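Worksheet: one structure, shown below.
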Amino acid sequence: MKRAFPILAILTVTLLAYATYQALVVAPTERTMGEVQRIFYYHVASAWTAGLLFFINFVASVVYLARRNQKVDALAVASAEVGVVFCTIVLVTGPIWARPVWGIWWTWDMRLTLTLVLWLIYVSYLLLRRFSSSGQTPVMAAVLAIFGTLDMPLVYFSIWFFRTQHPQPVMGNGGSIDPHMLHAFFVNLIAFTCFGLLVCWARYRLEVLRLEVDEMQALESLLEVRSSR
Amino acid sequence: MSYLYAAYIATWLIHLTYIGSLVRRYNRLRREIGELKNRS
(Lines give C-alpha, C1' and ligand atoms only; values in the text may rest on other atoms or scores of the structure.)
Protein backbone atom coordinates (compact mmCIF):
# COMPACT_ATOMS: atom_id res chain seq x y z
CA MET A 1 0.00 0.00 0.00
CA LYS A 2 2.91 2.37 0.80
CA ARG A 3 4.23 2.00 -2.73
CA ALA A 4 0.85 2.94 -4.20
CA PHE A 5 0.88 6.33 -2.44
CA PRO A 6 3.33 8.19 -4.75
CA ILE A 7 1.58 6.77 -7.84
CA LEU A 8 -1.84 7.86 -6.55
CA ALA A 9 -0.39 11.26 -5.61
CA ILE A 10 0.91 11.81 -9.16
CA LEU A 11 -2.45 10.71 -10.64
CA THR A 12 -4.35 13.04 -8.27
CA VAL A 13 -2.12 16.04 -9.07
CA THR A 14 -2.61 15.37 -12.81
CA LEU A 15 -6.38 15.12 -12.31
CA LEU A 16 -6.39 18.35 -10.27
CA ALA A 17 -4.46 20.17 -13.00
CA TYR A 18 -6.94 18.92 -15.62
CA ALA A 19 -9.87 19.91 -13.37
CA THR A 20 -8.43 23.42 -12.90
CA TYR A 21 -8.01 23.78 -16.66
CA GLN A 22 -11.63 22.69 -17.16
CA ALA A 23 -12.93 25.09 -14.50
CA LEU A 24 -10.92 28.17 -15.47
CA VAL A 25 -10.52 27.80 -19.24
CA VAL A 26 -12.87 25.27 -20.88
CA ALA A 27 -16.16 25.84 -19.00
CA PRO A 28 -18.14 28.69 -20.57
CA THR A 29 -18.69 31.93 -18.67
CA GLU A 30 -22.05 32.07 -16.91
CA ARG A 31 -24.36 34.78 -18.35
CA THR A 32 -25.58 36.57 -15.19
CA MET A 33 -22.71 36.13 -12.70
CA GLY A 34 -19.79 36.17 -15.13
CA GLU A 35 -16.33 34.85 -14.29
CA VAL A 36 -16.96 34.70 -10.53
CA GLN A 37 -19.36 31.77 -11.08
CA ARG A 38 -16.28 29.58 -11.71
CA ILE A 39 -15.73 29.55 -7.91
CA PHE A 40 -18.69 27.13 -7.88
CA TYR A 41 -16.51 24.33 -9.36
CA TYR A 42 -14.26 24.07 -6.35
CA HIS A 43 -16.68 25.46 -3.74
CA VAL A 44 -19.20 22.65 -4.36
CA ALA A 45 -16.45 20.04 -4.83
CA SER A 46 -14.91 21.07 -1.48
CA ALA A 47 -18.32 20.93 0.24
CA TRP A 48 -18.94 17.42 -1.13
CA THR A 49 -15.47 16.23 -0.03
CA ALA A 50 -15.93 17.72 3.46
CA GLY A 51 -19.30 15.93 3.73
CA LEU A 52 -17.75 12.64 2.61
CA LEU A 53 -14.90 12.96 5.14
CA PHE A 54 -17.30 13.81 7.98
CA PHE A 55 -19.35 10.76 7.01
CA ILE A 56 -16.18 8.60 7.20
CA ASN A 57 -15.57 10.15 10.62
CA PHE A 58 -19.12 9.21 11.67
CA VAL A 59 -18.73 5.57 10.54
CA ALA A 60 -15.29 5.30 12.20
CA SER A 61 -16.69 6.81 15.43
CA VAL A 62 -19.57 4.31 15.54
CA VAL A 63 -17.18 1.40 14.83
CA TYR A 64 -14.76 2.69 17.49
CA LEU A 65 -17.51 2.82 20.13
CA ALA A 66 -18.45 -0.76 19.26
CA ARG A 67 -14.95 -2.27 18.99
CA ARG A 68 -12.47 0.17 20.65
CA ASN A 69 -9.95 -0.33 17.87
CA GLN A 70 -7.14 2.27 17.89
CA LYS A 71 -6.65 2.20 14.12
CA VAL A 72 -10.34 2.98 13.57
CA ASP A 73 -9.95 5.87 16.01
CA ALA A 74 -6.93 7.04 13.97
CA LEU A 75 -9.15 7.06 10.87
CA ALA A 76 -11.76 9.11 12.74
CA VAL A 77 -9.15 11.75 13.71
CA ALA A 78 -7.69 11.84 10.18
CA SER A 79 -11.06 12.23 8.43
CA ALA A 80 -12.24 14.92 10.88
CA GLU A 81 -9.08 16.99 10.47
CA VAL A 82 -9.03 16.84 6.66
CA GLY A 83 -12.81 17.44 6.63
CA VAL A 84 -12.28 20.65 8.63
CA VAL A 85 -9.71 21.81 6.03
CA PHE A 86 -12.23 21.31 3.19
CA CYS A 87 -15.05 22.87 5.23
CA THR A 88 -12.78 25.91 5.86
CA ILE A 89 -12.38 26.25 2.08
CA VAL A 90 -16.17 26.18 1.69
CA LEU A 91 -16.53 28.95 4.30
CA VAL A 92 -13.79 31.04 2.66
CA THR A 93 -14.77 30.67 -1.01
CA GLY A 94 -18.51 31.15 -0.31
CA PRO A 95 -18.16 34.76 0.96
CA ILE A 96 -15.67 35.56 -1.84
CA TRP A 97 -18.38 34.49 -4.32
CA ALA A 98 -21.17 36.25 -2.35
CA ARG A 99 -19.48 39.69 -2.26
CA PRO A 100 -19.77 40.46 -6.00
CA VAL A 101 -23.04 38.49 -6.50
CA TRP A 102 -25.08 39.42 -3.37
CA GLY A 103 -23.19 42.60 -2.48
CA ILE A 104 -22.36 41.26 1.02
CA TRP A 105 -19.71 38.92 2.39
CA TRP A 106 -21.97 37.06 4.82
CA THR A 107 -25.58 36.75 5.86
CA TRP A 108 -27.07 34.70 8.72
CA ASP A 109 -28.88 32.55 6.18
CA MET A 110 -29.82 29.01 7.29
CA ARG A 111 -27.42 27.16 4.94
CA LEU A 112 -24.49 29.43 5.79
CA THR A 113 -25.16 29.40 9.54
CA LEU A 114 -25.56 25.61 9.70
CA THR A 115 -22.33 25.15 7.73
CA LEU A 116 -20.54 27.41 10.23
CA VAL A 117 -22.06 25.37 13.09
CA LEU A 118 -20.84 22.15 11.41
CA TRP A 119 -17.33 23.61 11.14
CA LEU A 120 -17.40 24.70 14.81
CA ILE A 121 -18.52 21.22 15.94
CA TYR A 122 -15.59 19.55 14.16
CA VAL A 123 -13.12 22.22 15.31
CA SER A 124 -14.26 21.53 18.90
CA TYR A 125 -13.81 17.80 18.16
CA LEU A 126 -10.19 18.45 17.15
CA LEU A 127 -9.58 20.73 20.14
CA LEU A 128 -10.96 18.03 22.45
CA ARG A 129 -8.57 15.50 20.93
CA ARG A 130 -5.66 17.92 21.14
CA PHE A 131 -6.03 19.19 24.71
CA SER A 132 -7.79 16.46 26.68
CA SER A 133 -5.36 14.01 28.32
CA SER A 134 -8.07 11.74 29.71
CA GLY A 135 -8.05 8.08 28.69
CA GLN A 136 -11.71 8.54 27.74
CA THR A 137 -10.92 11.21 25.11
CA PRO A 138 -11.47 8.95 22.05
CA VAL A 139 -14.86 7.85 23.47
CA MET A 140 -15.98 11.44 24.20
CA ALA A 141 -14.74 12.54 20.76
CA ALA A 142 -16.61 9.67 19.06
CA VAL A 143 -19.86 10.67 20.80
CA LEU A 144 -19.32 14.32 19.81
CA ALA A 145 -18.68 13.24 16.21
CA ILE A 146 -21.95 11.29 16.09
CA PHE A 147 -23.86 14.38 17.30
CA GLY A 148 -21.92 16.52 14.82
CA THR A 149 -23.07 14.30 11.97
CA LEU A 150 -26.69 15.18 12.78
CA ASP A 151 -25.96 18.68 11.44
CA MET A 152 -24.99 17.35 8.00
CA PRO A 153 -28.49 16.51 6.69
CA LEU A 154 -29.69 19.85 8.10
CA VAL A 155 -27.00 21.66 6.08
CA TYR A 156 -27.93 19.75 2.93
CA PHE A 157 -31.72 20.05 3.18
CA SER A 158 -31.79 23.60 4.62
CA ILE A 159 -32.25 25.11 1.15
CA TRP A 160 -35.50 23.12 0.78
CA PHE A 161 -36.78 23.40 4.34
CA PHE A 162 -36.15 27.12 4.82
CA ARG A 163 -36.36 30.24 2.73
CA THR A 164 -32.67 30.93 2.06
CA GLN A 165 -30.51 33.20 -0.03
CA HIS A 166 -28.21 30.32 -0.97
CA PRO A 167 -28.66 29.21 -4.63
CA GLN A 168 -30.84 26.15 -5.25
CA PRO A 169 -29.17 23.20 -7.01
CA VAL A 170 -29.32 23.53 -10.81
CA MET A 171 -29.24 19.80 -11.50
CA GLY A 172 -32.16 17.58 -10.53
CA ASN A 173 -34.33 20.61 -9.84
CA GLY A 174 -35.84 21.22 -13.27
CA GLY A 175 -32.88 23.36 -14.37
CA SER A 176 -30.45 22.70 -17.20
CA ILE A 177 -26.71 23.15 -17.43
CA ASP A 178 -24.29 23.51 -20.35
CA PRO A 179 -22.56 20.13 -21.09
CA HIS A 180 -19.10 21.76 -20.77
CA MET A 181 -20.06 23.16 -17.37
CA LEU A 182 -21.40 19.76 -16.32
CA HIS A 183 -18.15 18.10 -17.45
CA ALA A 184 -16.04 20.67 -15.54
CA PHE A 185 -18.23 20.19 -12.47
CA PHE A 186 -17.89 16.39 -12.39
CA VAL A 187 -14.15 16.45 -13.18
CA ASN A 188 -13.63 18.84 -10.24
CA LEU A 189 -15.86 16.73 -8.01
CA ILE A 190 -13.82 13.59 -8.78
CA ALA A 191 -10.46 15.41 -8.53
CA PHE A 192 -11.27 16.99 -5.14
CA THR A 193 -12.66 13.69 -3.82
CA CYS A 194 -9.44 11.84 -4.81
CA PHE A 195 -7.33 14.65 -3.31
CA GLY A 196 -9.33 14.63 -0.06
CA LEU A 197 -9.10 10.86 0.32
CA LEU A 198 -5.37 10.90 -0.46
CA VAL A 199 -4.65 13.60 2.15
CA CYS A 200 -6.85 11.67 4.62
CA TRP A 201 -4.80 8.55 3.95
CA ALA A 202 -1.55 10.49 4.57
CA ARG A 203 -3.00 11.90 7.82
CA TYR A 204 -4.13 8.40 8.86
CA ARG A 205 -0.60 7.04 8.34
CA LEU A 206 0.76 9.91 10.41
CA GLU A 207 -1.67 9.09 13.24
CA VAL A 208 -0.71 5.38 13.15
CA LEU A 209 2.96 6.40 13.30
CA ARG A 210 2.20 8.64 16.31
CA LEU A 211 0.54 5.66 18.05
CA GLU A 212 3.68 3.59 17.40
CA VAL A 213 5.90 6.34 18.87
CA ASP A 214 3.64 6.59 21.95
CA GLU A 215 3.90 2.82 22.39
CA MET A 216 7.70 2.89 22.06
CA GLN A 217 7.95 5.73 24.60
CA ALA A 218 5.68 3.86 27.05
CA LEU A 219 7.79 0.73 26.66
CA GLU A 220 11.00 2.69 27.18
CA SER A 221 9.78 4.33 30.39
CA LEU A 222 8.62 0.90 31.64
CA LEU A 223 12.09 -0.55 31.01
CA GLU A 224 13.69 2.44 32.76
CA VAL A 225 11.54 1.86 35.87
CA ARG A 226 12.45 -1.85 35.89
CA SER A 227 16.21 -1.25 35.54
CA SER A 228 16.20 1.36 38.34
CA ARG A 229 14.74 -1.18 40.83
CA MET B 1 -12.08 38.33 -12.07
CA SER B 2 -10.07 39.35 -8.96
CA TYR B 3 -12.63 37.57 -6.74
CA LEU B 4 -12.15 34.38 -8.75
CA TYR B 5 -8.37 34.53 -8.33
CA ALA B 6 -8.74 35.42 -4.63
CA ALA B 7 -10.91 32.32 -4.07
CA TYR B 8 -8.54 30.14 -6.07
CA ILE B 9 -5.43 31.39 -4.24
CA ALA B 10 -7.17 31.05 -0.83
CA THR B 11 -8.15 27.43 -1.63
CA TRP B 12 -4.62 26.36 -2.52
CA LEU B 13 -3.00 28.40 0.23
CA ILE B 14 -5.13 26.54 2.82
CA HIS B 15 -4.35 23.15 1.24
CA LEU B 16 -0.61 23.81 0.95
CA THR B 17 -0.39 25.15 4.52
CA TYR B 18 -2.10 22.00 5.77
CA ILE B 19 0.12 19.68 3.70
CA GLY B 20 3.15 21.60 5.02
CA SER B 21 1.96 20.99 8.60
CA LEU B 22 1.58 17.25 7.82
CA VAL B 23 5.14 17.08 6.45
CA ARG B 24 6.48 18.92 9.55
CA ARG B 25 4.64 16.55 11.92
CA TYR B 26 5.86 13.51 9.93
CA ASN B 27 9.50 14.67 10.10
CA ARG B 28 9.20 15.30 13.85
CA LEU B 29 7.86 11.77 14.43
CA ARG B 30 10.64 10.25 12.29
CA ARG B 31 13.20 12.16 14.37
CA GLU B 32 11.60 10.89 17.59
CA ILE B 33 11.68 7.30 16.29
CA GLY B 34 15.38 7.72 15.42
CA GLU B 35 16.14 9.03 18.91
CA LEU B 36 14.23 6.19 20.56
CA LYS B 37 16.08 3.60 18.47
CA ASN B 38 19.47 5.17 19.30
CA ARG B 39 18.72 5.08 23.03
CA SER B 40 17.65 1.43 23.08
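The values are calculated or read from the model by the stated rules, or taken from the named source; none is laboratory data. Being a predicted model, the structure only gives us computed values, none of them experimental. All Cβ positions, glycine included, derive from the backbone under ideal geometry; neighbour counts span all protein chains shown.
Residue under question is A:Glu224, and the condition is that it be of a type in the set (D, E, K, R), modelled with pLDDT under 95, in a helix (DSSP H, G or I) and over 20 Å from A:Asp73 (Cα atoms); does it hold?
Numbers: of a type in the set (D, E, K, R): yes; modelled with pLDDT under 95: yes; in a helix (DSSP H, G or I): yes; over 20 Å from A:Asp73 (Cα atoms): yes.
Yes.
Where in segment A:45-162 are the helices (runs of 4 or more DSSP H), entirely inside, with at least 3 residues that are free of Cβ contacts under 8 Å to residues at least 12 places away in the same chain and within 14 Å of another protein chain (Cβ to nearest Cβ)?
On the way: elements: A:70-102, A:110-131, A:137-149, A:151-161.
Output list reads A:70-102.
Would you mention how many residues in segment A:181-199 are farther than 18 Å from A:Ala27 by Cβ and within 11 Å of chain B (Cβ to nearest Cβ)?
Residues of segment A:181-199 farther than 18 Å from A:Ala27 by Cβ: A:193-199.
Remaining after also requiring within 11 Å of chain B (Cβ to nearest Cβ): A:195-196, A:198-199.
Number satisfying all stated conditions: 4.
For B:Leu4, indicate whether it is at pLDDT 90 or above, facing chain A (nearest Cβ under 7 Å) and more than 29 Å from A:Ala218 (Cβ to Cβ).
Values: at pLDDT 90 or above: yes; facing chain A (nearest Cβ under 7 Å): yes; more than 29 Å from A:Ala218 (Cβ to Cβ): yes.
For B:Leu4, the condition - at pLDDT 90 or above, facing chain A (nearest Cβ under 7 Å) and more than 29 Å from A:Ala218 (Cβ to Cβ) - is met.
Kindly indicate the residue of segment A:124-156 that is polar (S, T, N, Q) and surrounded by 13 or more Cβ atoms within 10 Å (Cβ to Cβ) and also nearest to A:Asp109 (Cα to Cα) among those meeting that condition. Write out each step before concluding.
At the first step, the residues of segment A:124-156 found to be polar (S, T, N, Q) are A:124, A:132-134, A:136-137, A:149.
The next check asks that each one be surrounded by 13 or more Cβ atoms within 10 Å (Cβ to Cβ); those that pass are A:124, A:132, A:137, A:149.
Values: A:Ser124: 22, A:Ser132: 34, A:Thr137: 34, A:Thr149: 20 Å.
Among them, the one singled out is A:Thr149.
Tell me, please, whether a residue that is of a type outside the set (Gly, Ala, Ser), at the interface with chain A (Cβ under 9 Å from one of its Cβ atoms), in contact with a Phe, Trp or Tyr (Cβ under 9 Å, 6 or more places away or on another chain) and part of a helix (DSSP H, G or I) can be found in segment B:15-34.
Yes.
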